Each structure stands twice: as structure tokens, then as C-alpha cells.
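Here's the structure, in C-alpha cells; my notes come after.
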Amino acid sequence: MTVDVEAGRFTVGVFQDLGWAQPGLDALRRIGLPAEAITILAKDSPDVAAFIDRNLGAGAERLEIAGLGATLVKGPLVAALQGPSRDLASLGLSGTMRRIGYQSHDGRIFDALTARGGILVAVQSESRAADALAVLLSYGGGNAAIGAWTGRV
């Protein structure tokens, strides 16, 4: 029997605000994580749009996410959470984080922190997950955690 397992793993944390998130993103880049591996998700505002443009390049997507409302997002986390039914709009973070190896309660925590104005940052890199976690925790990424790993301990 073959089991489909997603090879990409995400390390996720939520920074209190843009001021806390910027040094964390700078540190992620300093350790060599490419912008293509990073996702930023936050409530829609002109400041968030400028922040995403500055850190990940233009082209943030505006989504209505259950529990959060209007959000801006850019990065690989969106496709992983959306699934084939584009469930992020109806199920929100709390209902979709299981797709990337988190428990439902983790999704509710990420949802609550982001709803309060937090900046969710996710890094897709199984081989550098521990490095990403160390940076997120060191720079104030609340509830930072690595999604369930596949294959190795």
C-alpha cells in the first residue's frame, strides 16, 4: 500500500507585529533561507502590503479567510493550506493547519494570534526546519513549531 506524504514541511511562528517580524525575517535570510521558501500571512493593511513587497517582492494575494477576514499572503503555505477545494476561505487556519502536520489546537492558536494583528511567518524547508525554528523563537515568533516530519526522527 502506498501512502501519499507531502515532502515539504513548514516551520511556523507568529510575530506580535511588523516591528517584531522584520528582524526575524532578516535573520532567516542571513542563515540562507530563500524568499521562495518563506510565507507571510497577516490581516490586510497598507503597512502589511508594503512589508510583504519589501521582504518577498510584489504580488501579495488578498484572501478572505474564515476567522481572520481580509488577509494578505504570499508564499508556499497558501497552496498547502488551500487544498483542492480552496478550503482556507471556509475553514480558516484552524481548519487547515492539519494539512501541514499541525494539530487542530495549533491551528486555533495561530488563528487567534494572527486575528489579533500578528504576522504569521512560515518557512518551507524540512532540511532547515530546526534552523528556522531557532530563528523564529530567538526573534519572538510566538508558538513557533515544526509541522510533523516524515520519515526520519
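Structural remarks
- Taking each residue as 0.36 nm, the span from residue 148 to residue 62 lengthens on full extension beyond its C-alpha to C-alpha distance by 28.2 nm.
- This model, with +1 at the C-beta of Lys and Arg and -1 at the C-beta of Asp and Glu, gives segment 6-97 a dipole about its Cα centre of some 160 debye.
- Segment residue 85-residue 127, extension gain: residue separation times 0.36 nm, minus the distance between their alpha carbons: 12.2 nm
- Size of electric dipole in segment 48-153: Cβ of Lys, Arg +1 and of Asp, Glu -1, about Cα centre, debye, nearest 20: 60
Any read-out appearing in this document is the output of simple, stated calculations on the displayed coordinates, not a laboratory observation. Because the structure is predicted, anything quoted here is derived from the model rather than measured. Virtual Cβ from ideal backbone geometry, glycine too; neighbours counted across all protein chains shown.
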